[in-house]
Amino acid sequence: MRILHLVTAFPRDERDIIAPWLIELIKRQRAAGHDVQVFAPAYHGSASHQFAGIPVHRFRYFFSRWESLTHDESAADRMSRSLLFRMMPAPFVLAGMAAVWRLCRRERYDVIHVHWPVPLALWGWAARRARRVPVVLTFYGIELRWVKRSLTFLKGFVRWACRWADRVVAISSETAREIRDLVDVPVDVIPYTTPFPGHPEPRALARRDGTPLTILFIGRLIELKGLAHLIEAAGLLRGKLNARIVAIGIGPERQRLEALARDRQVNVDFRNKVPDAELHQAFLTSDLLVLPSIIDARGDTEGLGVALLDAMSYGIPAIGTNVGGIPDIIENGVSGLLVPPADPRALASAIERVASDPAYAQRLADAGRERLRTHFSWDVITKRWDAVYRAASAGLPAPSSSRN
C-alpha cells in the first residue's frame, strides 16, 4: 500500500526533534512493507529529500528568507508576534494545495493521511481532486479547541472536512467527543504512543532508606502542563515526605516556576531538553512520574499525555489529572492515579499514597505496563491504522461510534 502523510512540519535532518511518535509509526509502516512518503512545507527554501529512508516531498510557499512559519516553533506562536507571519497562512495553504495536486497527478497513492486537518484538510481535498484516493483525517484536539473558542468561523470548515473524508480519527476519546460536538460523524480513536523502548523487564521500586522520593516531570514549562501545581503539592508535603522533583523541559514559565520552588522551599532540579541517554537514566532513577496538566486560560488541555506512556514503559507508577486524553491512559486506581486538575492538595495526597505503600506502587506500575502492552503498544496501533487504511481503500463504512 502506498501511503502519503500530509503534515505541517517534518524533521529536516537527524538532529531535528519533531513528532518522534510519527517517525516511529512511519518506520513501522515501512517495515511492514508499505511504501510510505511524507508531504511537508519547505524551511528557508529547503528541497525534497530523504529522512531515515523516508521520501519527503517539500513545497515552497514564500520567499526563502522568511519561509519559517513552521518547524522550530508553532505557527500560532510565530503569528502571534509578527504581522508578516500572520499573512503567511494563505500562501502556505494555497501553495500546499497546488503542490500536493501536482504530486498526486504524478504519483498514485492508495491513502492520503492528513494530520492537523485545520487547515490541512484542504490539502487532502486537493489530493482527491487530482486523483480519486481515500482521505483519512487525524485530529489532535488543540485545533478543535482553537476553532471552538477563537476561530469560530471555521466550525463550518471542520464540518465540511469531516463529512467528505473517508475516515475521521481522533487521538483520544476526549478529542473524539470534541469532534462530535461539531459534527455527527463516526470517529475512530487511535492514540499515538511512546517512541522510547523503555525498560525491558519489571523492576523493583523500593528506595534506599534516607534517599528522597524522586518525582519526574516531563513537558514544556507552560501553564497547560501544570508544573506549578506539582510544586505546590510538594510544598504541602514538606515535613511529611522527603521528595525532590526532576523537571525536564523548556518553556516561557521557567523563571516563574524557579521562583515558586524557592518560595515553597521545594527541591526542583530544572533541566532543559536532554539527550535520549540522559532521559533514559532519569526514568531509571525516578520513583514516579506526575503529569499535572490543567485546562489553561485559553481553554487548551492535554491531547493525550505520552509522558505517562513513557513511565509505563519503564515500569514506574504514574499520576495524572482527569483532563483531556489522560483518562484514556490511566485507569484510576488500577494503572495509575487520577486527580482533579489544579488541585495541589489532591495531588499531594496521591503522591503520599504511592510513596507510603511500595507494594501498592508496584501494583500500579505492573498494571501500567500491562495497559501499555494491550492498548498502547506499537503492534496494536500499527494494526489499527492498517485496518483503517484498508477499510478506507475498500470503501467500507466507518464505525458507528469511537473505539479505544
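Answer with yes or no whether V136 is of a type outside the set (K, R), surrounded by 21 or more Cβ atoms within 10 Å (Cβ to Cβ) and within 22 Å of the chain's Cα centre (by Cα).
yes
Listed residues A247, A234, A261, A243; which is touching a Phe, Trp or Tyr at 6+ places or on another chain (Cβ under 6 Å) and under 21 Å from T321 (Cβ atoms)?
The conditions single out A247.
Among the residues of segment 352-369, what is the count of those that are among the acidic types (D, E), part of a helix (DSSP H, G or I) and free of Cβ contacts under 8 Å to residues at least 24 places away in the same chain?
0
Could you say which residue among A228, A247, A259 is assigned to a strand (DSSP E or B) and in the same structural domain as L279 (by TED's automatic domain parsing)?
Going through A228, A247, A259 in turn, just one is assigned to a strand (DSSP E or B) and in the same structural domain as L279 (by TED's automatic domain parsing): A247.
For the condition more than 18 Å from W21 (Cβ to Cβ), assigned by TED's automatic domain parsing to the domain that holds L221, more than 16 Å from the chain's Cα centre (by Cα) and modelled with pLDDT under 95, what is the one hit in N332, N272?
None of the others qualify; the one that does is N272.
Going through A31, A52, A42 one at a time, which residue ends up being small (G, A, S), touching a residue at least 12 places away in the same chain (Cβ under 8 Å) and over 23 Å from R102 (Cα atoms)?
None of the other options fit; the residue is A52.
Can you tell me how many residues within segment 9-42 are touching a strand residue (DSSP E or B) at 6+ places or on another chain (Cβ under 7 Å) and assigned to a loop (DSSP other than H, G, I, E, B)?
The number of residues fulfilling the criteria is 5.
Scanning for something in a loop (DSSP other than H, G, I, E, B), aliphatic (A, V, I, L, M) and in the same structural domain as R345 (by TED's automatic domain parsing), does segment 278-287 turn up at least one residue?
For segment 278-287, residues in a loop (DSSP other than H, G, I, E, B), aliphatic (A, V, I, L, M) and in the same structural domain as R345 (by TED's automatic domain parsing): absent.
Looking at R108, R149, R145 in this structure, which one is surrounded by 15 or more Cβ atoms within 10 Å (Cβ to Cβ) and touching a residue at least 60 places away in the same chain (Cβ under 8 Å)?
When all the criteria are applied, what remains is R145.
So which of Q29, Q50 ends up being of a type in the set (S, T, N, Q) and within 20 Å of Y389 (Cα to Cα)?
Only one candidate qualifies: Q29.
Return the residues of segment 315-351 that are farther than 28 Å from F139 by Cα, in contact (Cβ under 8 Å) with a residue 40 or more places away in the chain and surrounded by fewer than 24 Cβ atoms within 10 Å (Cβ to Cβ); say none if nothing qualifies.
Hits for segment 315-351 are G315, D343, P344, R345, A348.
The values are calculated or read from the model by the stated rules, or taken from the named source; none is laboratory data. Predicted, not measured: the structure shown is a model, and the values here were computed from it. We place every Cβ from the backbone using ideal geometry, glycine too, and count neighbours over all the protein chains shown.
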